[in-house]
Amino acid sequence: MDRFPERSIPGVRYANPRFPKLGIEVLRLSELLGRVPRSHFASPQRPGFHLLMLFTSGCGDHFLDFRRVVCRAGTLVHARPGQIQQFVLDQTLEADVLLFTPEFILPAISAAEGAALGTSIDDIVPEGVTELEPDALESVVSVMSAVKRGYNKAESSKLSATILQHLLYAMLLTIAGHYFKSDSPQMKDSHFSTFQKFRRAVEEGFAQTRSVESYAETIGCSAKSLRRACMVACGCSPKALIEQRLILEAKRLLAHTSLTVEAIAAEVGFSEPTNFVKFFRRHGGMRPLDFRVKFPGAHSG
């Protein structure tokens, strides 16, 4: 992994020392933590790649955005690109870790499959963490072993990369299969495809616009259809989802940087800091600086 500077939260670029051009790396947690100076993990980070961690022994903590995650054998954690996560050092935890870029994920074989599995591939693990049931754990461990074998035998070749792409895809589908059923009405519903397009558009544009109509135009549907899709998929209005994403980013910046409230306001799309403070109080339940005091992060030193 290789650090790069950002205006706000420290980011981490994907870098595979063994295969620089390969978009996946397979290693143990102890190996990951031990190959760079401890200072690398001293503060929260925003990886630009996926981290999928299957914990195999020990018990300890991991932080994912504003949640303390208790990890033990059978815990599966997924940190998506752009999320804030932090390792806790000097624990007895061990895990199998997959680091992979979004581009390395094999595209769906067909458009129909892509629409049905879009959510599971994007999210992989609902809420970012889950305790695998025995049958799910057995399946995931089996596929993880195949991924590790494939990586250990890999060469700097197109064939090796293709094999690993398929093995990773099998892993993601195996995990997704324990949360989504192919005959589920939700998976068949075209609303879900619209919902996923909207989520991706919000991720890219929440700091530029909070207009539901603008997002509907971007993804090619009416505002009414977008609202219906969001309500079917998650029970929230598109306006609420946009606001939730903006508040999450503001909290990340408050907790993990020393940026001023004025700078954070500009970062998330407010030209007037007073309007941002009002927005944060309404949707975050307190003033921005009160949140910073409540949740001190990297900015505290």
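Miscellaneous remarks
- Meets criteria (at pLDDT 90 or above, surrounded by 14 or more Cβ atoms within 10 Å (Cβ to Cβ) and among the small types (Gly, Ala, Ser)) for Ser160: yes
- Of the criteria (1) buried (at least 16 other Cβ atoms within 10 Å of the Cβ); (2) closer than 24 Å to Ala161 by Cβ, which one Leu93 fails: (2)
- Some residue of segment 264-281 being open to solvent by 40 Å² or more (accessible area, probe 1.4 Å), within 19 Å of Ile84 (Cα to Cα) and hydroxyl-bearing (Ser, Thr, Tyr): no
- Among (1) in contact (Cβ under 8 Å) with a residue 12 or more places away in the chain; (2) more than 19 Å from Ser145 (Cα to Cα), the one test that Ala42 misses: (1)
- Out of Leu76, Leu33, Leu89, sole residue that is out of contact with any Cys (no Cβ under 8 Å at 6 or more places or on another chain) and over 30 Å from Ser142 (Cβ atoms): Leu89
- Contact map, segment 212-235: first residue over 8 Å from Thr194 (Cβ atoms) and without any contact (Cβ under 8 Å) to a residue 60 or more places away in the chain, second residue open to solvent by 50 Å² or more (accessible area, probe 1.4 Å) and not in a loop (DSSP other than H, G, I, E, B), Cβ cut-off under 7 Å, separation 6 or more or different chains; pairs are Val212/Lys239; Ala223/Glu213.
- Selection within segment 53-83 - open to solvent by 20 Å² or more (accessible area, probe 1.4 Å), within 24 Å of Lys148 (Cβ to Cβ) and either out of contact with any strand residue (DSSP E or B) (no Cβ under 8 Å at 6 or more places or on another chain) or assigned to a strand (DSSP E or B) (or both): Thr56, Ser57, Cys59, Arg72
- Residues that are within 17 Å of Met286 (Cα to Cα) and among the small types (Gly, Ala, Ser), drawn from segment 250-276: Ala250, Ala255, Ala265
- Hey, Ile24 modelled with pLDDT of 85 or more, more than 15 Å from the chain's Cα centre (by Cα) and open to solvent by less than 10 Å² (accessible area, probe 1.4 Å) or not: yes
- Close Cβ contacts (under 7 Å, 6 or more residues apart or on different chains) running from residues in segment 270-284 that are within 9 Å of Ala250 (Cβ to Cβ) to residues that are of a type in the set (Gly, Ala, Ser) and part of a helix (DSSP H, G or I) comprise Phe276/Ala265; Phe280/Ala250.
- Meets criteria (open to solvent by less than 40 Å² (accessible area, probe 1.4 Å), touching a His at 6+ places or on another chain (Cβ under 6 Å) and either more than 26 Å from Phe63 (Cβ to Cβ) or not polar (S, T, N, Q) (or both)) for Ala229: yes
- Any hit, segment 229-244, residues being part of a helix (DSSP H, G or I), basic (Lys, Arg) and more than 20 Å from Pro10 (Cα to Cα): yes
The values are calculated or read from the model by the stated rules, or taken from the named source; none is laboratory data. Since this is a predicted model, take the numbers as computed values, not measurements. Positions of Cβ are generated from backbone atoms using ideal geometry, with glycine treated the same way; all protein chains shown enter the neighbour counts. Just the protein is used for accessible areas: all its heavy atoms, side chains included, with ligands, DNA and RNA removed. Shrake-Rupley method; radii C 1.70, N 1.55, O 1.52, S 1.80 Å.
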